[in-house]
Amino acid sequence: MRKKLAAGNWKMNGTSNAMTEVTDLAARFPESNVDILICPPATALSQLSGILEQSPIATGGQDCHVALSGAHTGDISAEMLKDVGAGYVILGHSERRDSYNEVSETVRAKARTAISAGLTAIVCLGESHVQREANNTLDIIGGQLAGSVPDGATGANLVVAYEPVWAIGTGLVPSLEQIAEVHAFIRTRLIRRFGEVTGIDIRILYGGSVKAANATGIFAVADVDGALVGGASLKADDFAGIINALQQA
């Protein structure tokens with residue numbers, strides 16, 4: 001049975017003042033029947049990991065370098081993330097693919113490095129609005145999935161996140177039928193590549209304007225194993241509503 005996961009991506013938000021929200025969230029969930037994750041900016045990761053050390057809430061990074069070390073000014077390695085308490089790292093987010101021209105081969109290399117460092121890689125996939133309107137969604141997702149996920153992936157070291165680019169931060173959400181179609185497609189491809197046992201074991205998250213008001217419906221969709229949440233993860237009240245919906249799914 002796949003354990004559900006509520007993952008919060010703070011993006012470039014969150015200074016020391018945000019730690020009160022984390023403390024509040026941890027107090028609300030002294031235990032949990034779902035996995036909870038917060039991925040803050042790298043500057044806050046060590047502090048946040050310390051605050052959450054005795055809670056069920058895990059921490060993760062938002063990106064890592066392909067190399068484990070070296071002359072890469074301004075970059076952060078997977079080993080560095082692991083060293084300050086991270087258990088996960090988000091890779092291939094559409095904002096990285098778009099703003100930094102990251103291609104799937106780069107995402108795959110980063111995922112391979114992250115896994116070797118003992119992190120769970122959250123590999124993001126998603127189509128643009130133009131691609132959705134052209135009925136190319138499954139082609140895009142299939143290509144990104146094949147290119148971004150490394151060999152040897154398992155349910156213990158990989159999470160796949162489907163985030164339609166046009167739904168991230170826009171308030172737009174695909175229909176439940178559209179979400180179901182993509183998640184079923186991803187599940188089928190994972191089983192085809194890794195075999196039935198591993199393919200069924202890998203969690204698939206949905207991301208894109210998830211909030212407490214729509215979470216229950218989204219979490220009822222087959223093969224939706226949780227959510228990758230952006231802005232709604234910054235406030236304890238908002239994120240707690242999503243976590244509660246997932247716990248009841």
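For the chain, the mean residue ellipticity at 222 nm estimated from helices alone is -12500 deg cm²/dmol, where every DSSP H run of n ≥ 4 contributes -39500 (n - 2.57) and the total is divided by all residues, rounded to the nearest 500. Sort the chain into rounded, prolate or oblate with this rule: let a ≥ b ≥ c be the square roots of the eigenvalues of the Cα gyration tensor; rounded if a/c is under 1.5, and if a/c is not under 1.5, prolate when a/b is larger than b/c, oblate otherwise. In terms of gyration-tensor shape, rounded. Of interest is the spacing of the C-alpha centroids, which for segment 137-197 and segment 53-68 amounts to 21 Å.
No value in this document is a laboratory result; all are computed from the given coordinates. Keep in mind it's a predicted model, so treat the numbers as computed, not measured.
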